[in-house]
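K.L.:
First the structure, which I've put down as structure tokens, then a few questions once you've had a look.
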Amino acid sequence: MPNRREFLKHTPSLIGLLLSVPSLANATFPAKKSIILRSSWQTENIGDIAHTPGVLTLLEKYLPDVEVRLWPSNVGNGVEEMLMKRFPKLVILKTADEKKAALAECGFLLHGSGPSLVGRKEIEQWRETGKPYGIYGITWPGVYGFPEDRWKFNPADVELLTKARFAYFRDSVSMEFAKSKGVACPIMEFCPDGAFAVDIRDDKAADAFLKKHGLETGKFLCAIPQLRFSPWWELPAKKQTVNEAKHARNELMKEQDNKPIREAIIAVVRQTPMKVLLVPENETQVRIGKEMLYDPLPEDVKSKVVWRDHYWLTDEAVSTYIRSAGLFGIEMHSPIMCIALGIPAIVCRFEEQTSKGAMWRDIGLGDWLFDLDTPKDVAGIVPAVLAMAKDPKAAKAKALKGKQFVNQRQKETMAVVKKNVEA
């Protein structure tokens, strides 16, 4: 075997020989395919944040050779840094010139998972290029509002959805509604919300918080409050005036809605060794958690309940949820992140929300979905939470079954994405 000196001595000759081979000297290699991911909607909600790292994780796994350029609405408040830490090769489009270049250079646009067709304007811009696009896991029409407003939709959406290569809906109710309104995309199917793939973590922050508050892995549940309408007007960054009609509805229903969650907390603390951590999915729920869940608790229960008094980002939330024994409350995306981790999660909802809650039935977890406007459902919340707390092994097995279904659908739907991106 030649030594290092002999190898280096002959290296120039070897390079010359390789270059002299016509098939190598004249070879051309295809440019790396680039796509636009239209995602990242707002940063005051860890669920809205989670859509992006979830879909990015799927693209990384199933389309590893594709360059992704993220076209965001908002990646402020530490979200950009969090994304870049997990996805160092990600290109985030910030300037008008960068977006213009992406429109010219990328071959496909993927509208990421979200509460509606949030990126309608950008899809319309993209269509001017004549290049293909697809929709990956949305609720439609996705209107948060009073019952009479929930099914209003922009007529332009029908054509935008129809002309997509595929239109995946994150809940079956949305899909059927779209069909009933004339959407006729070649591929219209159920696809789990992109947040089901989220794996972004901040173990250091989670461990420090849990240690400070005496919460041990597997020995606490998480709980989330909510009002009928998130009071975004409370956040200065939103620059919104108070919506009097929504505020009045919140005040009317807040005790009815949060009482079952509070009763479940009391039952868990008094009947099991578990503690409870009150967490926010959106920034307004920090205050709501204290008012509606923590402050009214009996003193003997409060000693085993921790109220998180500040907002967080998705990575710390994920690292916290994976250390918990389960989650329950009036939200959707924290439960989604839990199931992504194999952690049990119970979803409570009400009529002002969109149809996204139906996805719990779609993935086989209908027993963990409760309608706060249905007395029979309300009566089942405390028993369901107690069952989760008393038999963590059975609850985890159920969660893993849901996760398995989600993973299979992700694999199937990403195969379609890959086929269209590489076409």
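The values are calculated or read from the model by the stated rules, or taken from the named source; none is laboratory data. Since the structure is predicted, the reported quantities are computational estimates derived from the model, not experimental observations. Quick reminder, even Gly has a Cβ in these numbers, built from the backbone with ideal geometry, and neighbours come from all protein chains shown. Heavy atoms of the whole protein, side chains included, go into the accessibility calculation; ligands, DNA and RNA do not. Shrake-Rupley method; radii C 1.70, N 1.55, O 1.52, S 1.80 Å.
K.L.:
Give me the number: length gained by fully extending Lys152 to Arg270, i.e. 0.36 nm times residue separation minus the C-alpha to C-alpha distance, one decimal in nm.
P.N.:
Working: separation 118, 0.36 × 118 = 42.48 nm, distance 4.50 nm.
Result for the pair: 38.0 nm of gain on full extension.
K.L.:
I'd like to know which of Gly145, Ile92, Met175 lies farthest towards the positive end of the charge dipole of the chain, counting +1 on Cβ of Lys and Arg and -1 on Cβ of Asp and Glu.
P.N.:
Sorting the options by dipole projection puts first Ile92.
K.L.:
Over the chain, with a Gaussian network built from C-alpha contacts below 10 Å, which listed residue (Gly107, Gly137, Gly78) shows the highest mean-square fluctuation?
P.N.:
Gly78
K.L.:
Take each of the peptides 227-239, 120-132, average the number of other beta-carbon atoms within 10 Å over its residues, and list them starting from the highest.
P.N.:
Numbers: 227-239: 16.5, 120-132: 14.6.
Final packing ranking: 227-239, 120-132.
K.L.:
What does the C-alpha gyration tensor say about the overall shape of the range 203-299? Classify as rounded when a/c is under 1.5, otherwise prolate if a/b is larger than b/c, or oblate. Don't jump to the answer; show the numbers that get you there.
P.N.:
Working: a/c = 3.33, a/b = 1.51, b/c = 2.21.
Verdict is oblate for the range 203-299.
K.L.:
Can you give the percent of C-alpha pairs in the range 40-166 whose distance is more than 26 Å?
P.N.:
Details: 1760 of 8001 pairs.
Tail of the P(r) past 26 Å holds 22 percent of the pairs.
K.L.:
Here's another thing I want to ask about it. To the nearest 20 debye, what is the magnitude of the charge dipole of the range 71-184 about its Cα centre, counting +1 on the Cβ of each Lys and Arg and -1 on the Cβ of each Asp and Glu? Kindly include the intermediate steps, with their values, before the conclusion.
P.N.:
Numbers: 17 positive and 14 negative charges, 48 e Å.
Charge dipole, the range 71-184, about its Cα centre: 240 debye, nearest 20.
K.L.:
Using unit Cβ charges (K, R positive; D, E negative) and no other charged atoms, how large, in debye to the nearest 20, is the dipole of the chain about its Cα centre?
P.N.:
Rounded to the nearest 20 debye, it is 1220 debye.
K.L.:
Additional query: Take the chain, connect every pair of alpha-carbon atoms lying under 10 Å apart with a spring to form a Gaussian network, then pick out the residue of Gln226, Gln256, Gln285 with the largest mean-square fluctuation.
P.N.:
Highest fluctuation among the options: Gln256.
K.L.:
Right, here's the next one. Which residue, Lys304, Lys411, Lys211, tops the fluctuation ranking in a GNM of the chain built on C-alpha contacts under 10 Å?
P.N.:
In the Gaussian network model the winner is Lys211.
K.L.:
Dividing the alpha-carbon radius of gyration of the chain by 2.2 N^0.38 Å (N being the number of residues), what value is obtained?
P.N.:
Rounded to two decimals, the normalised Rg is 1.11.
K.L.:
Can you work out ³J(HN,Hα) from phi for every residue in the range 67-76, in order, using Karplus 6.51 cos²θ - 1.76 cosθ + 1.60 and θ = phi - 60°, giving whole Hz and x for Gly and Pro?
P.N.:
7, 10, 10, 7, 9, x, 8, 7, 10, x
K.L.:
Also, quick follow-up: Beyond 26 Å between alpha-carbons counts as too far, so tell me which of Lys131/Lys403; Lys33/Lys163; Lys254/Lys403 fall in that bin.
P.N.:
Lys131/Lys403; Lys254/Lys403
K.L.:
Run the simple label-point estimate for Lys259 and Lys401 please: 7 Å along Cα→C-beta, distance reported in nm.
P.N.:
3.3
K.L.:
If you don't mind, there's one more thing I want to ask. Please compute the alpha carbon radius of gyration of the range 150-214, then divide it by the globular-protein estimate 2.2 N^0.38 Å. Two decimals is fine.
P.N.:
1.78
K.L.:
What is the local net charge at Glu80, summed over the other residues whose Cβ is closer than 12 Å to its Cβ (Lys, Arg +1; Asp, Glu -1)?
P.N.:
+2
K.L.:
Between Lys204 and Ala101, what length comes free when the chain is fully extended (0.36 nm per residue of separation minus the Cα-Cα distance, one decimal in nm)?
P.N.:
Stretched fully, the Lys204-Ala101 segment lengthens by 33.3 nm.
K.L.:
Same structure again: If R₀ is 60 angstrom, what is the calculated FRET efficiency for the pair Asp300 and Lys419, using the beta carbon separation as r and rounding to 0.05?
P.N.:
With a Förster radius of 60 Å, E is 0.55.
K.L.:
Where does the charge balance sit around Val286 when Lys and Arg score +1, Asp and Glu -1, over other residues with C-beta under 12 Å from its C-beta?
P.N.:
-3
K.L.:
Expressed as a rounded percentage, what relative contact order does the chain have, with Cα pairs under 8 Å and six or more residues apart?
P.N.:
Working: 758 pairs, mean separation 69.1, N = 423.
Across the chain, relative contact order equals 16 percent.
K.L.:
Please give the residues of the range 274-308, grouped as numeric ranges, whose backbone N is less than 18 Å from a label point set 7 Å along the Cα-to-Cβ vector of Arg86.
P.N.:
Answer for the range 274-308: 280-283.
K.L.:
Also: Taking the simple approach of a point 7 Å from Cα along Cα-to-Cβ for both Tyr144 and Asp309, what is their distance in nm?
P.N.:
Placing both labels 7 Å along Cα→Cβ, they lie 2.6 nm apart.
K.L.:
Give me the Kirkwood hydrodynamic radius of the range 267-391 in Å, from all C-alpha pairs, to one decimal place?
P.N.:
Taking the inverse mean of 1/r over all distinct Cα pairs, the range 267-391 comes out at 15.2 Å.
K.L.:
Could you order Ser40, Ser172 by accessible surface area, starting with the largest, using a probe radius of 1.4 Å?
P.N.:
Result, largest first: Ser172, Ser40.
K.L.:
Rank-order 154-165, 189-200, 269-280 by packing density, defined as the average count of other C-beta atoms within 10 Å over each peptide's residues, highest first.
P.N.:
189-200, 269-280, 154-165
K.L.:
Another question, then. Give, as a single signed number, the net charge of other residues whose beta carbon lies under 11 Å from the beta carbon of Cys185, with Lys and Arg counted +1 and Asp and Glu -1.
P.N.:
+1
K.L.:
State, as an integer percentage, the relative contact order of the range 297-378 based on alpha-carbon contacts under 8 Å between residues 6 or more apart.
P.N.:
19
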